[in-house]
Each structure stands twice: as structure tokens, then as C-alpha cells.
Amino acid sequence: MSTNATHCAKIAPLNNELTRNIVRYALAVMIPILVMVTWQWEMAYITPTLVTLLVGLPARPLAKKVYLSFIMMIPASLGLGAILVRLVEPYPVIAIIIMAWVLYVTFYQAAKGTNLLIIVLLLCTVLIYPTMALMDLELSVYTAFGTSLSYLVALFSAALMFVILPAHPVLPAHPVSPAVTPKVVVKPASQLARIALLDTLITMPVLIYFLMFDRQVAMLALVYVGILVLCTDLTKGIKACVAVMLANLMGGIVAIVIYELLVMVPVIPFYLLLMFLVALLFAKQVFCSPKGALYASAFSCVLLLICDVTNTTGSHLDFAFYERWIYIAYANIYVVASFMLLTALGWLKTSPSK
């Protein structure tokens, strides 16, 4: 009897903390979704995805100085974006060289373990602002400030939920969740440089294509190529890339189901309830499954597709949704094909080393 009581006492804190993490994750994602129902701005659809980066594993609040560093990065990214925007039309070759160098540094820092939120901000600065400027300079400015606002809303949402549902300190013997957390491996500088170079080589052709042929209408594909390259660990070979692609396929299928349900019941309360239930389901997998990172990737795909189309005005929403779905599919196919080419050239191993 005493043994069972002791066992229950050990498991209870784990279950309570796990439940707290799942509910916090879902509610934090819902804050920007609720805001977007009443107020829309450029790039608002990326906000829920940014929130998942802040409230996902390891489910611990960031220090105040980290929040401040994020806020300080926003004007820095705006400054870099302004330079690229001014260079891209009169001096395209110089702009492309600078963008390639910034992408290399960004991917190097990502491989080094820099916070993903900062990395995504730099990716947006390099991939989106100059490309949008070629189509409409004013729209590029709106996009830049909209992205900055999305970051501020994401930071506020995560911080608020950590205040409402604080993360309790847990002993090492009782982890926050049973999900398998990857070990932190310090990579040598040569390996970091190689990873950054390969990531840059994969991303640059798409960026140059968008700049040369004014394909801003498919901007989501460009952004998603950057995200896919960022989320795929080159050290694990092409299998890691295929796993991420399958996760995004699952997310795309879920997004189709959600969208068709919203078409049948086009009312805001149903939309909010449906998104909250989906957020809870994915949150449970993120924190409980050994493949939580893949579920997080799938959920990001769902959020990008659904939040983008619900943030779009006009009468052709069906076309807009499935067009975006196809763009993300193109991005997945391109990245997988690029990894296959790198593998065929012997620059990328086919499977992780034992």
C-alpha cells in the first residue's frame, strides 16, 4: 500500500506538469488566433507558429534578458532589411551576394544552436523583404513592420501564458514530459560551416528565381523552403528530410479537413473551438510522443495554411487555400530533391552514423 502511494506521489507531479504544458501550449497559440479574428495585419498568419517556438519543449519561460534580446533584434532586422531593399533593384548582384552571406551566417548560427525565433526573423529579413520590394516597395515596408508586430504579439502571448500557467521546477529524476528530448551535441566549427554552406546552396536558387521572375505571389513557398531547410538536420542524412516532409504532408491533410469543416460551418465560435481542439491534440503529441518535433512541424504547417487563408479577404478563398497548399507541397518536393542531389554527389550521407 505504501509502495503504491509513493509511486503515485512521484507520478502526480509529472502528470500535473504535463497537463499544464499541453494546456499552456494550446492557449498560447489561441491568443494570436483570437486577435486575428478582430484585427488583421501583414504577416499576421506567422504569429501562432512563432508562439509554438516559445511554448514548446523544453516548456520553460525565457529569461527577461532573452526577451529583451528578441525585442532588440527587431530594429536590427528592420535596418538590415532596409539595406537589402534599397540595394536589390539598382544593384541586384551586390544584393544577392549580401543575402547569400547573411543566409550563410544565419544557417551557421542555427546549426550552432541559436534560438530559432531569432533565426526565423533573420530568414524573413533576407527572404521576404527584398523580394516583396521588387513588386511593391510600400508593401515590403508593411510586411516588415507586420513581421515585427507578429514577433511582439508572439512574445506577449508566450510570456502571458507562462504567468497564468507557470512552469514548476522539476527534479532531474522527473522530467517535464515523457517525450524524448534530443541530446545537445557540440559540433566542430568545420561541421557547422559545412552545414551552413549546404543549407545556403539549397536556399539560394529559389531566392534568385523569385528575384528574377517576380514570383512574389508564391511567397509562402519561398518562406517554407527556408523553414524546411532550417528544420532538417543535415547530420542525420536524407531520412531526416523525408521525415519532415511526411510530417508536413500530415499537417497539410489536417489543414484540408479543418478548412472543409470551416466551409461547412463558417462561424467564428466554431473556428475558435475547432482550432483549440486541434491545438490540444497536437500539443499532447508534441509533449508525449518521441517524435514530438515532427508533430510540431506538422502543426506549424496547419497553422500557416489555416491562419493565412483566414487572414485573407476576398471571394476566392477556396482557390487561395489550395494554391497555398500546392506552394507548400512544391517547397517540400524541392527540398527533398535538393537533398537527394546532395546525396548523389556524395556531399550528404544517406543515413545517420551509428
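The values are calculated or read from the model by the stated rules, or taken from the named source; none is laboratory data. It should be emphasised that the depicted structure is a prediction, and the values quoted were computed from it without experimental measurement. Glycine also receives a Cβ, built like all others from the backbone with ideal geometry; neighbour counts cover every protein chain displayed.
Of all residues assigned to region 267-288, at least one qualifies as being surrounded by 21 or more Cβ atoms within 10 Å (Cβ to Cβ), assigned to a helix (DSSP H, G or I), of a type outside the set (A, V, I, L, M) and in contact with a helix residue (DSSP H, G or I) (Cβ under 8 Å, 6 or more places away or on another chain). Number of residues in region 53-82 that are part of a helix (DSSP H, G or I) and buried (at least 16 other Cβ atoms within 10 Å of the Cβ) equals 12.
Quick grid of which residues meet (1) at pLDDT below 90; (2) in contact with a His (Cβ under 9 Å, 6 or more places away or on another chain); (3) surrounded by fewer than 18 Cβ atoms within 10 Å (Cβ to Cβ):
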position: L152; (1), (2), (3): no, no, yes
position: A173; (1), (2), (3): yes, no, yes
position: P182; (1), (2), (3): yes, no, yes
position: V185; (1), (2), (3): yes, no, yes
position: P205; (1), (2), (3): no, no, yes
position: L228; (1), (2), (3): yes, no, no
position: C241; (1), (2), (3): yes, no, no
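Looking at region 303-354, which of its residues are modelled with pLDDT of 80 or more and among the acidic types (D, E)? If the condition is that a residue be modelled with pLDDT of 80 or more and among the acidic types (D, E), then D308, E323 are the ones that fit. Taking region 137-148 as the range and being of a type outside the set (A, V, I, L, M) and either modelled with pLDDT of 85 or more or under 20 Å from I208 (Cβ atoms) (or both) as the test, the residues that pass are S140, Y142, T143, F145, G146, T147, S148.
Condition check for M264 on (1) in contact (Cβ under 8 Å) with a residue 24 or more places away in the chain; (2) surrounded by fewer than 18 Cβ atoms within 10 Å (Cβ to Cβ): one failure, at (1).
Among the residues of region 267-299, those that are more than 22 Å from Y224 (Cα to Cα) and either touching a Lys or Arg at 6+ places or on another chain (Cβ under 6 Å) or among the aromatic types (F, W, Y) (or both) comprise F270, Y271, F276, F287. Take A247 and tell me if it is in contact with a helix residue (DSSP H, G or I) (Cβ under 7 Å, 6 or more places away or on another chain), outside any loop (DSSP other than H, G, I, E, B) and either surrounded by fewer than 17 Cβ atoms within 10 Å (Cβ to Cβ) or modelled with pLDDT of 80 or more (or both). Considered against the rule, which asks whether it is in contact with a helix residue (DSSP H, G or I) (Cβ under 7 Å, 6 or more places away or on another chain), outside any loop (DSSP other than H, G, I, E, B) and either surrounded by fewer than 17 Cβ atoms within 10 Å (Cβ to Cβ) or modelled with pLDDT of 80 or more (or both), A247 comes out as yes. Taken over region 91-144, the criterion of being crowded, with 18+ Cβ neighbours inside 10 Å, among the polar types (S, T, N, Q) and more than 15 Å from L192 (Cα to Cα) is satisfied by T125, T131, S140, T143. Within region 38-52, the set of residues being outside any helix (DSSP H, G or I) and under 16 Å from C124 (Cβ atoms) comprises W41, E42, M43.
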